[in-house]
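The block underneath contains the structure these notes are about, expressed in structure tokens.
The values are calculated or read from the model by the stated rules, or taken from the named source; none is laboratory data. Since the model is a prediction, treat every value here as computed from it, not as a measurement. Heads up, the Cβs are rebuilt from the backbone with ideal geometry, glycines too, and the neighbour counts pull from every protein chain shown.
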Amino acid sequence: MITLNAHAKINLSLDVLDKRDDGYHNLKMIMQNLQLHDTITIQEIKSGIEIECEAPYVPNNNSNIAYKAAEKVIEKFGLTAGVRIKIDKKIPVAAGLAGGSANAAAVLKGMNELFGLGLDKQGLMDIGKTIGADVPYCIVGGTALAEGIGEIITPLPKMAAIPVILIKPRFGVSTASVFKSLQIDKITERPKTELLIEALKNKDINFIGKNLCNVLESVTVERYPLIDRIKKDLMSKGAIGSIMSGSGPTVFGLFKNDTIAKKAYSKINKNRNDCILTYITND
């Protein structure tokens with residue numbers, strides 16, 4: 001039996017460069033893990049794939065991305081045994097935090113170890129990219145630049161373990177719908193990706209906070225003005241920067257220290273149960 005942590009991620013930047021012939025988009029993103037994580041336990045069984053998860057809205061069948069990851073490994077290596085996958089869910093569902101992709105990445109890593117398959121990181125990523133665009137990053141983790149559709153990963157200097165407050169509005173957002181509505185030629189503000197990478201090298205948290213940028217906000221905020229109000233609320237309570245993660249709807253704020261973050265969290269959390277205080281991690 002193998003137990004792994006599957007960490008949530010945020011985007012410090014998200015740029016959409018162009019649309020590809022295959023319908024996907026070329027992206028350029030700086031990704032970052034959070035301490036917030038699901039716990040994945042993988043156990044060998046005689047045959048088949050079983051998913052156990054008590055969280056609402058998480059499917060226990062072959063529509064779960066963790067199931068698909070296990071299925072890929074079983075098919076690729078001709079395994080006769082099966083797996084039981086237990087998911088202890090802490091990452092909000094359909095939140096733009098790569099919870100499902102992190103689960104799939106953990107399944108790939110766990111089955112590699114459980115069955116002694118001998119895959120290196122690149123081998124795991126090659127399988128991961130056939131499952132979902134965020135899976136290769138979730139295999140590498142830490143602070144990283146993701147390019148292509150998300151499968152080309154370049155590790156970056158580690159970000160300091162500062163506090164992060166996440167707020168997930170009580171609605172879901174379709175990633176496919178957001179990308180379909182995005183008008184690339186009308187994007188006016190793009191991330192300063194290279195300057196953000198320099199700031200990571202220099203440990204310049206203030207520059208990073210002030211230059212967080214996600215071009216998908218141009219679609220999601222227009223549909224859901226609440227996202228912009230949440231960003232302003234986090235900034236008014238001491239965040240050094242705040243944007244939406246992924247295609248949304250979760251908004252995060254970066255904070256310089258625990259004192260400011262905990263004070264902000266206590267004020268925000270009084271009236272809602274969708275607020276999480278966590279930290280940057282590179283584990």
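Residues are listed down the side, and each one gets a yes or a no for (1) closer than 25 Å to PRO169 by Cβ; (2) crowded, with 21+ Cβ neighbours inside 10 Å; (3) assigned by TED's automatic domain parsing to the domain that holds GLY150:
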site	(1), (2), (3)
LYS46	no, no, yes
LYS68	no, no, yes
GLY78	no, no, yes
ILE85	no, yes, yes
LEU97	yes, yes, yes
GLY100	yes, yes, yes
LYS109	no, yes, yes
GLY118	no, no, yes
GLY123	no, no, yes
* With the checklist (1) in a helix (DSSP H, G or I); (2) under 22 Å from the mean Cα position of the chain (by Cα); (3) not charged (D, E, K, R) in hand, flag the one item ILE85 doesn't pass. => (1)
* To do: Considering each residue of segment 48-57, count those that are in a loop (DSSP other than H, G, I, E, B) and surrounded by fewer than 18 Cβ atoms within 10 Å (Cβ to Cβ), and give that number.
  => 5
* Take the residues of segment 25-44 that are under 17 Å from GLY110 (Cα atoms) and not polar (S, T, N, Q): which is surrounded by the fewest Cβ atoms within 10 Å (Cβ to Cβ)? -> GLU44
* Look through ASN103, ASN112 and report the one residue that is within 19 Å of ILE2 (Cα to Cα), in a helix (DSSP H, G or I), in contact with an Asp or Glu (Cβ under 8 Å, 6 or more places away or on another chain) and among the polar types (S, T, N, Q). => ASN103
* Meets criteria (acidic (Asp, Glu) and assigned to a strand (DSSP E or B)) for GLU75 -> no
* Just need a number here: residues in segment 172-222 that are basic (Lys, Arg), at pLDDT 90 or above and either in contact with a helix residue (DSSP H, G or I) (Cβ under 8 Å, 6 or more places away or on another chain) or assigned by TED's automatic domain parsing to the domain that holds LYS28 (or both). => 0
* To do: Please go through segment 170-180 and pick out each residue that is of a type outside the set (Lys, Arg), assigned to a helix (DSSP H, G or I) and either under 18 Å from VAL58 (Cβ atoms) or free of Cβ contacts under 8 Å to residues at least 12 places away in the same chain (or both).
  => THR175, ALA176, SER177
* Is segment 179-193 home to any residue that is among the hydroxyl-bearing types (Ser, Thr, Tyr), in contact with a strand residue (DSSP E or B) (Cβ under 9 Å, 6 or more places away or on another chain) and closer than 29 Å to ILE268 by Cα? -> no
* Could you tell me whether any residue of segment 161-181 is basic (Lys, Arg) and under 28 Å from GLN35 (Cβ atoms)? => yes
* Asked: Condition test on ILE167, is it touching a residue at least 40 places away in the same chain (Cβ under 8 Å), surrounded by fewer than 17 Cβ atoms within 10 Å (Cβ to Cβ) and assigned by TED's automatic domain parsing to the domain that holds TYR224?
  -> no
* **Per-region count, segment 129-152, residues free of Cβ contacts under 8 Å to residues at least 40 places away in the same chain and either charged (D, E, K, R) or crowded, with 19+ Cβ neighbours inside 10 Å (or both)** => 5
* Among the residues of segment 176-193, is any under 16 Å from the mean Cα position of the chain (by Cα) and crowded, with 20+ Cβ neighbours inside 10 Å? -> no
* Structure fact -> Residue hits (segment 217-251; of a type in the set (Val, Ile, Thr) and over 18 Å from LEU277 (Cβ atoms)) are VAL219, THR220, VAL221, ILE227
